[in-house]
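Here is the structure we will look at, set down as structure tokens.
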Amino acid sequence: MTTLPKSTDRKLGLVIDLDTCVGCHACVISCKGWNTENYGAPLSDTDAYGSDPSGTFLNRVHSYEVQPEQGEAQLIHFPKSCLHCDDAPCVTVCPTGASYKRVEDGIVLVNESDCIGCGLCAWACPYGAREMDAVEKVMKKCTLCVDRIYNENLPEEDREPACVRTCPAGARHFGDFADPDSNVSKLTAERGGMDLMPEQGTKPVNQYLPPRPKDTLSEGAGDIDILAPYLEPVAQEAKGFLGWLDKTLEKL
Amino acid sequence: MHPAPSVIFFTVFSGIGFGLLTFLGLGYPAVTGWMAFAFFVIAYLCAVGGLISSTFHLGRPERAMKAFTQWRSSWLSREGVCAVIALIVMALYGMGLVFFGQRWGLLGLIGAIFSLLTVFTTSMIYTQLKSIPRWNSPLTPAMFLSFSMAGGALLAGQVRWAMALIAISGVIQVVLWVQGDGALKNSGTTLATATGLGNRGSVRAFEPPHTGTNYLLREFAFVVGRKHSMKLRIISFVLMVVLPVLLLAAAPFSHGLALLAVISHVAGALASRWLFFAEAEHVVGLYYGKR
């Protein structure tokens, strides 16, 4: 059924900390690995060793430069995957019922055996979270590792999405946003978690934590270091042959 | 947006086909027997041919029947349902005209309504997408419906109607172009809101997630050169509006000129539909610094 549930019992999702992400792309690789080897159609690559390689990914890391009005520019790594929106436009457009949002935990999934590969859900998603697999011809998207988080065959510490489990910087957190005392709810409240494209009205579940201000290089210019005076250039005027050459060329 | 030929052909020809069915359903022209048969064959070739071509862009066309199930929420599903109802009702109505010389008016009216509903549902597939601000406008259904009716009137040989409807569709098209040019800006979605970093300074895409291309870039980041877009708009407008109206207005009226008008209008409509897709900016392009 492609009508959205009025509310979901739990709201599972991710908190992504833009302050901590170092842009190593480990989450991209672990996501690709897990979701190729496990649930659903594998994430294909085409022309992987050729001149025009292309592949399906459920998680991609962009990098942005932010230039404040004053001060230094800051580089921010920006991982992006499905935000499991409360008002998911990708679900309601699906003609076959392949796309759905689960009532029990709010995860947005695709039933691949019902998908006709029309691509309309990918058109409807403003975030680019859905990709049509070039080989399987069905729509692929983040499952929030639904085959890990409830998987009792895995050790308990592995029962979280592959991207969260693998992140070496601890920039990704998984939890239930419906519970105000969960780790993700607390983080969001403490750090001012934000929605992406709020004006699109999708009510994303995943939250992004803004980077803390970092660079203060330009503050207190002229008072860089107590050793700075000793680092002043010693020779102000060039002497010898080079000095003569400089002056001669200057005259020409 | 990537302008897929199958979708361009589908929307143009099924629009014209259902437009012709609308006029036939309302009894214009009032034909029976073999003449009616000829009209219905043309209408069904356009409408059904368009529908079949639309399945070419599906990844898994063998499961297409499942698309009739989600009419409660999905405009694409509603389109399928309306199209099937329209085609079945109009087939019964056409049988009456062709084989029994009878015009079952109520059936024709129902068929005409569902033909127009099919075109409307098609247009809503595009209109509903907030992610593509250029399409997210009430003018999109107005454009699709006016094109469909204009093409239908032209094929139905309703010269006065055709001239009026072509002129109306031309006006709507121009307004849609002008409005569309500011749509992304007016939507309020920018790289600043997409990343949530806008209150810290000006945001610039520094490095994409990968060195190659991907599905998102192929499908959504198609960019048509501004210069070419203006030329194509003029060519399309002349072909679909100016030439057909002049040809229809020419006295004395002849079938040869009418055929030329049809060819010119359809060519112009195809160009305009190509632009409809090619010029549409999906907001995901912002993440890649492509807008």
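Laboratory data are not the source of any read-out in this text; all were calculated from the coordinates shown. Computed from a predicted structure; not experimentally measured. FYI the Cβ positions are ideal-geometry reconstructions off the backbone, even for glycines, and counts take in every protein chain you see.
How well do other chains shield peptide B:51-61, expressed as the mean number of their Cβ atoms within 10 Å of each residue Cβ?
4
Of all DSSP beta bridges located in the range A:12-209, what percent are antiparallel, nearest 5? If you can, show how the numbers build up before the last one.
Values: 21 of 24 bridges.
Among the beta bridges of the range A:12-209, antiparallel pairing accounts for roughly 90 percent.
What span do the alpha-carbon atoms of the range B:166-237 cover on each of the three principal axes, reported in whole Å from largest to smallest?
Result for the range B:166-237: principal-axis Cα extents of 48, 30, 20 Å.
Once label points are set 7 Å from the Cα along Cα→Cβ at both A:Ala73 and B:Val175, what is their separation, rounded to one decimal in nm?
4.4
How many times 2.2 N^0.38 Å is the alpha carbon radius of gyration of the range A:169-218?
On the way: Rg = 13.1 Å, N = 50, 2.2 N^0.38 = 9.7 Å.
In units of the globular-protein estimate, the range A:169-218 measures up at 1.35.
For the range A:64-159, rounded, prolate or oblate, judged on the Cα gyration tensor with a ≥ b ≥ c (square roots of eigenvalues), a/c < 1.5 rounded, else prolate if a/b > b/c?
Details: a/c = 2.25, a/b = 1.39, b/c = 1.62.
Oblate, because a/c is 1.5 or more while a/b does not exceed b/c.
Mind checking Rg over Rh on the range B:5-287, alpha carbons, Kirkwood formula for Rh?
Value, to two decimals: 1.03.
Relative contact order (percent) for chain B, with alpha-carbon contacts under 8 angstrom and 6 or more residues of separation?
Answer for chain B is 24 percent.
Per residue Cα convex hull volume for the protein assembly as shown, in cubic angstrom?
Residue-normalised Cα hull volume stands at 228 Å³.
Could you state the orientation-averaged shadow area of the convex hull built on the Cα atoms of the range B:198-291, in nm² to one decimal?
Numbers: hull surface 34.8 nm².
Quarter of the Cα hull surface area: 8.7 nm².
On a 0 to 90 degree scale, rounded to 10, what angle separates helix A:26-37 from the longest Cα axis of chain A?
Tilt relative to chain A: about 30 degrees.
Over all directions, what mean area does the Cα convex hull of the range B:26-120 project, stated in square nanometres?
6.5
What full-extension length gain, to one decimal in nm, is calculated for A:Cys24 and A:Ser44 as 0.36 nm per residue of separation minus the Cα-Cα distance?
5.0 nm
Taking every pair of Cα atoms in the range A:1-91, average 1/r, invert it to obtain the Kirkwood radius, and report Rg/Rh to two decimals.
Numbers: Rg = 17.3 Å, Rh = 16.4 Å.
For the range A:1-91, the value is 1.06.
Under the rule of -39500 (n - 2.57) per DSSP H run of 4 or more residues, summed and divided by the residues of chain A, what mean residue ellipticity at 222 nm is obtained, to the nearest 500 deg cm²/dmol?
After summing the helix terms and dividing by the residues of chain A, the value is -5000 deg cm²/dmol.
Residues with beta-carbon under 10 Å from that of A:Val110, excluding A:Val110: net charge, scoring Lys, Arg +1 and Asp, Glu -1?
Neighbourhood net charge equals +1.
Give the peptides A:164-171, B:21-28 in descending order of average Cβ contacts within 10 Å, highest first.
B:21-28, A:164-171
Which ³J(HN,Hα) values, rounded to whole Hz and listed in residue order, are derived for the range B:73-82 from phi using the Karplus coefficients 6.51, -1.76 and 1.60 in 6.51 cos²θ - 1.76 cosθ + 1.60 with θ = phi - 60°, glycine and proline given as x?
10, 9, 5, 5, 5, 4, 4, x, 5, 4
In nm, to one decimal, how far is the modelled label at B:Val41 from the one at A:Ser63, with both set 7 Å along Cα→Cβ?
6.5
For chain B, what does -39500 (n - 2.57) per DSSP helix run (n ≥ 4), summed and divided by total residues, give at 222 nm, in deg cm²/dmol to the nearest 500?
Rounded to the nearest 500, the figure is -22000 deg cm²/dmol.
Hey, got the Cα dimensions of the range B:132-291 along the principal axes, in Å, largest first?
Result, largest extent first: 68, 30, 23 Å.
Would you mind giving the mean number of other chain beta-carbons within 10 Å of the Cβ of each residue in B:263-270, as a whole number?
The shielding value for this peptide is 0.
Do me a favour and compute the ellipsoid semi-axes for the range A:12-209 from its Cα gyration tensor, root of five times each eigenvalue, largest one first, whole Å. Could the numbers behind the result be given before it?
Numbers: eigenvalues 130, 86, 69 Å².
The equivalent ellipsoid of the range A:12-209 has semi-axes of 25, 21, 19 Å.
Determine ³J(HN,Hα), in whole Hz, for all residues of the range B:17-32 in sequence, where each value follows from phi through the Karplus function 6.51 cos²θ - 1.76 cosθ + 1.60 and θ = phi - 60°; x replaces Gly and Pro.
Whole-Hz 3J(HN,Hα) from phi for the range B:17-32: x, 5, x, 5, 4, 4, 5, 4, x, 7, x, 10, x, 7, 10, 9.
Amide H to amide H, which residues 5 or more places from A:Leu14 or on other chains are under 5 Å from it, using H placed in the peptide plane?
A:Asn206, A:Gln207
When the Kirkwood hydrodynamic radius is evaluated over all pairs of different C-alpha atoms of the range A:120-252, what value in angstrom, to one decimal, is obtained?
21.4
Between A:Gly71, A:Gly40, A:Gly193, where does the largest GNM mean-square fluctuation fall for chain A, given springs only between Cα atoms within less than 10 Å?
A:Gly71
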